[in-house]
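In what follows, a single structure is set out as C-alpha cells and then discussed.
Derivation of every value follows stated rules applied to the coordinates shown; laboratory data play no part. Keep in mind the model is a prediction, meaning the values are calculated, not measured. Counting neighbours? That spans all protein chains shown, and the Cβs are built from the backbone with ideal geometry, glycine included.
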Amino acid sequence: MATTGEALFHGCQPPSWSLIYPNKIDSVTLTLISVITHLKWTSVCVIFDKSTELEALEFHHRLSVAGRYAVMYRMEDMTSSKIDDIISTYSQSSIMLNFTVFCRLDSCQSFLKQEKSCTHTACKWFPMYTLMWHRDQRGLSYIKINGSVLTDKDIFPNARFGFNNRKFLVSTIPSYPFVMFDNTTKTYTGITMKLLKHLSEGLNFTYDLIGPPDGNWGAELDNGYWNGMVGQLQRKEVDMVATALTVQSQREMVMDFTHPYYYEFSSILVKKSDPSETRWTKLLDPFSSTVFLFVGISVPACSFLIFFFEKYNPFYGKVIQRRKTRGLHHFSDSFYYMYGALLTHGGKHVPASSSGRTFLSCWWIFCIIIVATYTSNFVAFLTITKETLPFEGIQGLVGQNVFKWGTIGGSVYETIFKNSVLAERRSFWNGIVRSNITDPNVLSSDYDEQILKVLEGEYAFVWDNIPMEISVAKSCELSIISTDIFSTYALGLPNNSPFQKVFSDGIMAVLEGGLIDLWMSKIWPKLHSCHELLLTRAKPITIFDVQIALYLIGVGICLALLSLLTECFKRRCQRWLKKRSRSRQEGETLANVNQNEIISNTENTESQSI
C-alpha cells in the first residue's frame, strides 16, 4: 500500500480535487511519480518500512531524476515526537510539508495512529490520498484520517449501493399540498412524495404506498396502543410513514422520526362575517369607542366652561342689559359654538374676555388635531376593507359562545388537546367532547368535510397552516386566525430503526439544496380567486359605504321634528297659560266691577232710604 499526503500549517481546508487512476501500472514507483507530478510537489518526505525499503530507494532515485527534493525516514523511527520535530522544522515557512509512505497495511495503520497524536496538527483531519491495490484495479481517493485505512465500503462493497433496490412499504394519507391523490390516475403527488422519490433515487430503494385501514393519522387509545399510521409503525406493519406527520413527544415513545423537513404554526379556520353587517360602521371605524366617548364628554364639559367664563367674568360687569342679548353667556349658544368648532365651523358669537379667548384657542387646536386624524384614517378605511376577527387564538375561541370548534379525529391535535395541562387547551378538548354528542363530524377525519362545516358558518376548524392558506386562496369566504401551536413535519420510522440517520442525512441534504422551497413554489396556487384582489381600477364608494351618514341625516330629521313638536307644544302651552292668565285677570276685573257696582247700588239704596 502506498500513501501520499500533506500536512497543513496555515488553515484547515479539504482538497477540492478527487483523482481516479483506473489504468494498470506495473510499478508503484512510477505511479507515485505520476501522482506527485500531477500534484506539483517540489519536495517530498518519504517514509518506508523494512518490507518496502527497495521500493523506497527506487522511488528516491526517480524523484532525484525528476528534479524533486526528497528526505528519507524509516517507519521504526517515526514516533509522534519525531513527526512533531519534522513539522516544526517547516512550520515557519509558507509551504506545506508533503510526505509519501511506503508500507504494508498494518504499518500504515500504526503510522496513522502516531500521526493522530501529534501536537502540531491544526485540524482533526488532513487530506490524504491512498493508492489501494485490488485484483484488477486501483484507485486514488480522499479519506478522513481516523486511525484506520479500510472503510466499511471497502469491506462491504454493497454498501456503496444504498439499500440495493430494497422495496419499502410506505403508509400515507393525503394532506394537501404534501400528499395529494389523483382518483383518475390513482397516483400520489405532492411535496412529501417528491421528497420520498428523491430519497429513493439517492439511497437506491423502491416503495409501495398504502393507507391506514382506519384512515386515521395516529392517536393513542385507552389500552396504550395507537391507531392510524402511528399504530402501523408500532405494530411494524409498514417500513415508513411519508406524509405531513407532526413530530410529537407521545408518538416518539412508539416510533422514530427523521430530521424534520418542514416547520409551521397551526391555525384556526373560520368563515368571514358578512361585510354588509359592518359597513354601516365605516364612519365610526377611524376612532375607537374610547376616543368617541372622550370627545362626546369634552363637548358639553368645555361648553359649560366657556359658559362659566363668559357669564361670571367681571370683564362684562358694565355691560347694560347683557342678559337680554344672545351670546356665549347662554349655555345653548356656547354648546352650539363648541360643537361647530369640532366640525371646523365656528359661530357668530365670540368671547371678548382674555379668559374666553385663551380657552377657545386651545379648543380650536384640539379640534384641528381631531378632525385631521379622523379625516386621514377615514380615507384609509374607505380604501381598505378592514376584517374584524371574531376572536384571537385558542384562548379567545374557548371564551366565546358563538362558534363551535373541531379538528381532524385521530390526529396529533387530538393527542395535544386531550393530554395538555394548559387550561385553554383542556377547555378546547372538553368543548369538542360536548359537541361530539350531537355532531360527531367535529372529529371527522375528512379535511373537505371540515371545510364544508366552516363554510356553513359559526364553526372553527383547527389544523395545519399550509392547507388552510391554500383553502383561503381558493375561497374568499374563509379567514385564518393564528395560534401558538408549533408543528414540525418528518418521516416516520419504526421504533429504534437503524435507518434513521441515513434518511435524516438525506433530508438535510434536500433542505440545504432548497428543494423543499422549489417544490412548494410549483404547487402553491399562482392566482387568487378573490375578485377584490384582482381589481385594476379604483374602487368606487357605494351607498352602503356611507350609509351611516344617511342614518345621521335621519337621526337629525327626527331630532329636528322632535324639537319642532316640543317648540309647538311649548308655544301652545305658553299661549294657553297666557290666555288663562288673561281670562283670570278679566274675571277678576269683572268681579271687581260687579262688586263695585253692588257696593255702589247698596250705597244709593241706603241714601234713598234716609
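In whole percent, what relative contact order does region 380-468 give with Cα contacts below 8 Å and a gap of six or more residues?
Relative contact order of region 380-468: 33 percent.
Quick one: what are the phi-derived ³J(HN,Hα) couplings along region 420-436, Karplus 6.51/-1.76/1.60 with θ = phi - 60°, whole Hz, x for glycine and proline?
Calculated HN-Hα couplings, in order: 6, 9, 6, 4, 5, 6, 5, 5, 4, 5, 4, x, 5, 4, 5, 5, 5 Hz.
Could you work out the relative contact order of region 181-271? I mean the mean sequence separation of Cα pairs under 8 Å and 6+ apart, divided by the number of residues, in percent.
Across region 181-271, relative contact order equals 18 percent.
DSSP loop trypsin sites (Lys or Arg not before Pro) in region 203-277 with at most 11 other Cβ atoms within 10 Å of their Cβ, which ones?
The qualifying sites are 236.
For the ranges 458-468, 552-562, 47-57, 474-484, what's the packing order if you count other beta-carbon atoms within 10 Å of each residue, average per peptide, and put the highest first?
Answer by packing, highest mean first, reads 458-468, 47-57, 474-484, 552-562.
For region 370-448, what is Rg from Cα atoms divided by 2.2 N^0.38 Å, rounded to two decimals?
Here the answer is 1.62, to two decimals.
Can you divide the C-alpha Rg of region 197-317 by 2.2 N^0.38 Å and report the result to two decimal places?
Cα-based Rg divided by the globular estimate yields 2.46.
So what are the ³J(HN,Hα) numbers for region 366-382, from phi and the Karplus equation (6.51, -1.76, 1.60; θ = phi - 60°), rounded to whole Hz, Gly and Pro as x?
Values, residue by residue: 4, 5, 4, 5, 5, 5, 5, 5, 5, 5, 5, 5, 5, 4, 5, 6, 6 Hz.
Roughly how many nanometres apart are two label points built 7 Å out from the Cα toward the Cβ at residue 206 and residue 517?
Output for this residue pair reads 3.6 nm.
Which residues' amide hydrogens lie under 5 Å from the amide hydrogen of residue 487, considering only partners 5 or more residues apart or on another chain, with H built in the peptide plane?
Residues meeting the amide H criterion: 264, 265, 266.
Once both labels are modelled 7 Å past Cα along the beta-carbon direction, what's the residue 249-residue 496 spacing in nm?
Simple spin-label model gives 2.3 nm for this pair.
Relative contact order of region 286-383, please, whole-number percent, based on alpha carbon pairs below 8 angstrom and at least 6 residues apart.
Worked out over region 286-383, it gives 30 percent.
Students often check this: by mean Cβ neighbours within 10 Å, which of 163-176, 424-437 ranks highest, and how do the rest follow?
Packing order, densest peptide first, comes out as 163-176, 424-437.
What does the net charge come to around residue 259 if you take all other residues with beta carbon closer than 10 Å to its beta carbon, with K and R at +1 and D and E at -1?
In short, 0.
List the pairs from 272/474; 197/501; 404/453; 418/501 whose alpha-carbon separation is above 20 Å, in the order I gave them.
418/501
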